[in-house]
Every structure is written in C-alpha cells, then in structure tokens.
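Rule-based calculations on the coordinates, nothing more; no lab input. Note that the coordinates shown come from a computational prediction; the quantities given were computed from them, not determined experimentally. Reconstructed Cβ throughout: ideal geometry from the backbone, glycine too, with neighbour counts over all protein chains shown.
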Amino acid sequence: MALLELSNISKHFGAIHAVNDVSLSLQAGEVTGLMGDNGAGKSTLVKMIAGNFRPSHGTMRMAGAELILHRPVDARRHGIEIVHQDLALCDNLTAAANVFLGRELRIGFGPFGILDYAAMYKRAGQIFAELKSETRPRDLVKQMSGGQRQAVAIARTMLSQARIVLMDEPTAAISVRQVAEVLNLIRHLRDQGLAVILISHRMPDVFSVADRVIVMRRGRKVADKRIAESSPEEVTGLITGAIEQA
Amino acid sequence: MATTIDQTIAQKQHSWLTSITNSQTFWVVIAVILACVFLSFATESFATSKNLYNITRNFTFVAIIALGMTLVIITGGIDLSVGSVLCLCSMVLAVTMNAGYGIEIGILAALGTAIVVGLFNGILIAYLGFPPFVVTLGMLSVARSLAMVASNNTVVFQFGPDHDLLLALGGGAWLWGIANPVLYMIALALLTGFVLRWTRFGRHVFAIGGNEHAARLTGVPVRPIKVAVYVISALTAGIAGIVQTGWLGAVTTNIGAGMELQVIAAAVIGGANLAGGIGTAFGALVGAALIEVIRNSLGLLGINAFWQGTFIGGAIILAVLFDRIRNIRQSE
C-alpha cells in the first residue's frame, strides 16, 4: 500500500488554478523528485501535504486512512516533516536549540519544567552522528557552512517518527562540495525507510538521488515515471512544454 | 584518533575565557569598576556609604524596567511607553490609596493597569501587525495623558490608611541595610535571568528575535509570546512605579518623563541588540549601573548637569560602536 496517496487534488485561489486534478502516491523508502518551472504548482502541492493549505477538491490518504490537515502541526503529528527552502533556522541559537525549536525537552512537570540542556545536546549529537555530519550541537548556527545548516534542518525531521520528509530546494544555495553532503543526507533518510519528496530545479541532483520523478506544468502533472526510464532531456522537455505528456 | 560522540557533543566553539571577553557585558562591568575606582580617588564624596546607598537605589528603577525592556528588545521590538506607563501606574496607585483604599487594592489596581496597557501594546503589535515603535510611541502620549486625567494634574502625597506602609515599601531597608528597591531589583533580575536561560518561554523569546519566520514555521507560538513580553515590560514599569512612589512619597504627572531613553540605553549598553536575538538580565543591571555612575560622577566632579544627556547618549553610541567593530571583525 502507498504511504501517502493523493487523489484528484486541486487548489484554486479565486480564478487561479494553482494545482489542477493531481493524483500521485508516495512509497516508503523512495525518493521522489518533484520538478517544474516557477509557478508550475510544486510549492502549492507541497504546502497542501504540509498542512499550510487545504485542497479545494480531492482527497489525501495516509496508509489507507483519510488525511485532513488543518494546520502544519497536524501534518507534523502524522509524521510529515518539512525542510523549508530557507531552512527556518535561528542564527543566534545553537545547533541543538534549533533542532529542538518548538519541541524543547524539559525536566519537571507541566508549565514549570526547565529546559533539559544535557538531553538535548546528547540527542542532537546522536542525530548528527547518524547523519554522518560534522555539525556540533553547541555551535551557533550563525557560524556554520551551508551543508552544516542543512544538516541542522534535516536533523529536525529525525526527532520524531517522521514518515514523509518534504525538502524544498535543499541544494539551491550551497557550494558543490556541500551538495554532495546534502544528497548523502537524503539517501540516508531513504535508507531508513522514509518517503522523501525532493523539490529541485537542479537536474543532476534529482537524477543522482531520486528513484522517481514527477513533473508539473501549469498546475497539472505531466509525467510520473522511474528515473531509470527517463532522461534529463525528456524532463527538460516536459518542464518547458516541448514534450506535452510522458 | 577518532573522536567519540561524547567529545563532539561536549565540544564548544569558544573557551570559557574567550566567551567572557567577547561579551559586551564583561567590558561594561570593567568600565563600571574602573569608573568607581577612579571616582573614589578623584573625589572625597564618592566612596562614602551615603553616596553608594544613593547610587544603588537610584539606578534600580531604571534597571527594573530595563529587565522588561531587555525581553522586548530580544524579540526584536521596542517599548517607548515605559516612562509614561510608570507615571500612569504610580498615579493609579496614588489616587486609589488617596481615596481611602488599602495598599493591596492600590497595588492590584496599578499592576492591573500595567497589564491592560501591555495587552493593548502587545495585541496591536502581535496580532494586527503594527510596528512596535508606532504603538508604543502612541502609548507614551496616551498613558501620561491618562495619568493627568486620573489626578487632575495635581500632586498626590496623601496615601490614605496605608500611607506609612507604602513609604516603607519603597523607602525602607528591610534586610541588612540594603535599600528595598535594590532587593526587588535583584529578585526580579534573578527571575528574568532564570526565565531566559531555563524556560521554554525564554528560548522562544530568543528564537523570535533571531528569526521570527523560522520560529513560526517550527511551531513556536509567536503571537502570544510577543504579547507576553509587552505585558512583562509594562509590568516592570508598573512595579518600578509603585516602588518609586513609596520612595518619593509623592507622585506628580511628570515622573518617569524621558525615562524610556535611559531604560533603552541601559539595555543596549548592557549588550542587548536592537536587531533582536541577543540580551541578558545581568547586562540590563550593569548597563543601568553604568548610566547612574556616569550621572553621579558628573555631579561629584562639578561638571554642569546640562552635560548629562551628552554623556549618556555618548555611552549608547559607544556601546553600539563596540558591537559594530566586533561584527566587522567577525565577518572578516
């Protein structure tokens, strides 16, 4: 059974049809590349899965049960985690503080609990080690490289029992060496049995790490096939509209 | 040799010593100490117990409000209304007690007023998206005007049945000869420091100042926390107002005028960053202490009091200058 199944999903903003009748399914342990030009509807689609928008039409099912998300918190509760394009990091806080932002560990009872620094440093350190990242829990994010910052943002998704990770342009603004680092992080998530959606403009990244590619154009899904059965040339054609459908 | 995970976790960016010498608060403490040493030798009247008692008591009012202001500044906001809120709360206390109510009722009324003002500021800023500067500038005018309305612009110096208790509360020295306002300041500073370092609320205050958008995306309740910091800021102004009323023994509608500048100066000199994300409770105290020592020393050294503003303003600019230099060095 598919982990997440979208059936005939549409999203309208007034007269604008941002996403039009899209169906797709995500499998556990699979990386799906989501490609398309600016305004093709990728972000809108992902924001519906993340609970930012509610679909105008269509249904989402998770492991067979209907999935209704009112707020981003609901998505998180269902094991859907997002790595935002701008990473959503606070430069003035440590790596560990950023990993646990909004879900701080505490000692004590109820509203009077105090922050459990030791436990948060320890857990963050374990996650960075698992991710094979050199990021250190006590370092301020301000002084980190692009790859380390990505690791911090990705580490967040590993705190809870995430099942689906949505990554929005994770390699857009970092150096070539760090891109390899981030792609390894993505493979690592896949090997742990997570479903990963990788939104990217970078063809080489998608073709090196994804198992499947979905192409969107003007709000519609125009292709959904195995990476092995496609090629960068075909995908480019699909994105620009030179190829109508595949 | 491979490093173990525990070593990685324990790894810090800076040693204990460099992190201290990198902090602005440390250098301000040094400045305060140097100034005190210099003044003890340069003047005969500085190191007298009477003068030191005066200094410690004088700077407490600014310091108490600077604690609340520091929270606001850490979130990236500003509260210009504190001087007027101090005046309004003092006046509410004075008028209530003058009308024959007990001190408990008076204090509750004053703190209630502070909470209402803080909620008003906070809700406009957090929920309606007003710039903090505009809302609190408006409140600066409104609160002082309301104080005049409440008292009909008279001086209140009769505080009803609990008159003596109020004066003792603000003017007394209940523990080891330390002025009461100093005790309140220390208690509030410890509380603020604890909240900032050890509570989820404090962590979120820093997160909002560091990157408000990120805080919102990660599920930090940004709006309620912003409202809370403006309420806390107004409350510290209210508490300072109550204590100052007890100390002065009279309330006029011009107390606290221009105090917002000193409070913001204290927070900034103590290391709070007006861009948000950085600040400490201890810094607020130290900043307030430096300002008071400057003020006091000008008097003792026989420099015309008209120069005060120049020196305090200069100290603010100097503090920010050091911060700039540090940033430039870091970015290189």
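Key figures
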{"read-out": "Separation of alpha-carbon centers, segment A:164-231 and segment B:46-111, rounded to whole Å", "value": "57 Å"}
{"read-out": "Values of log10 I(q)/I(0), in the order q = 0.06 Å⁻¹, for the protein assembly as shown under a Debye, Cα-only, solvent-free model", "value": "-0.41"}
{"read-out": "Average other protein chain Cβ within 10 Å of Cβ, residues B:276-285", "value": "1"}
{"read-out": "Fewest-first sequence of B:M69, A:M158 by Cβ atoms within 10 Å of each Cβ", "value": "A:M158, B:M69"}
{"read-out": "Among A:G125, A:G102, A:G39, residue whose mean-square fluctuation peaks in a GNM of chain A (springs only between Cα atoms under 10 Å)", "value": "A:G102"}
{"read-out": "Cα Rg, Dmax, segment B:73-226, angstrom units", "value": "18.3, 54"}
{"read-out": "DSSP bridge pairs, segment A:4-240: antiparallel proportion in percent, nearest 5", "value": "55 percent"}
{"read-out": "Shape metrics for segment A:164-246, restricted to C-alpha atoms - Rg then Dmax, Å", "value": "13.0, 37"}
{"read-out": "Global geometry of chain B, whether rounded, prolate or oblate, following the gyration tensor of its Cα atoms and the 1.5 cut on a/c", "value": "oblate"}
{"read-out": "Whole-angstrom gap from segment B:246-274 to segment B:122-198, using each part's C-alpha centre", "value": "10 Å"}
{"read-out": "Listed pairs A:K132/B:K226; A:K122/A:K142; A:K47/A:K225; A:K42/B:K226; A:K47/A:K142; A:K11/A:K225 exceeding 31 Å between Cα atoms", "value": "A:K132/B:K226; A:K42/B:K226"}
{"read-out": "Within a Gaussian network of chain B (alpha carbon springs, distance under 10 Å), most fluctuating of B:N98, B:N51, B:N304", "value": "B:N304"}
{"read-out": "Kyte-Doolittle mean at least 1.0 and Cα axial length at least 20 Å: DSSP H helices in chain B", "value": "B:24-42, B:49-74, B:82-98, B:103-126, B:132-151, B:180-198, B:222-248, B:281-300"}
{"read-out": "Listed residues A:L105, A:L26, A:L69, most fluctuating in chain A (Gaussian network, C-alpha, under 10 Å)", "value": "A:L105"}
{"read-out": "Dipole magnitude of segment A:4-240 about its Cα centre (Cβ charges: Lys, Arg +1; Asp, Glu -1), debye to nearest 20", "value": "420 debye"}
{"read-out": "Mean residue ellipticity (222 nm) of chain B, computed from DSSP H runs ≥ 4 via -39,500 (n - 2.57), nearest 500", "value": "-24500 deg cm²/dmol"}
{"read-out": "DSSP beta bridges in the protein assembly as shown [antiparallel fraction, %, rounded to 5]", "value": "60 percent"}
{"read-out": "Fewest-first sequence of A:C90, B:C89 by Cβ atoms within 10 Å of each Cβ", "value": "A:C90, B:C89"}
{"read-out": "Where Rh is the Kirkwood radius over Cα pairs, Rg/Rh for segment A:4-240", "value": "0.98"}
{"read-out": "Burial ordering of B:Y127, B:Y230, fewest other beta-carbon atoms within 10 Å first", "value": "B:Y127, B:Y230"}
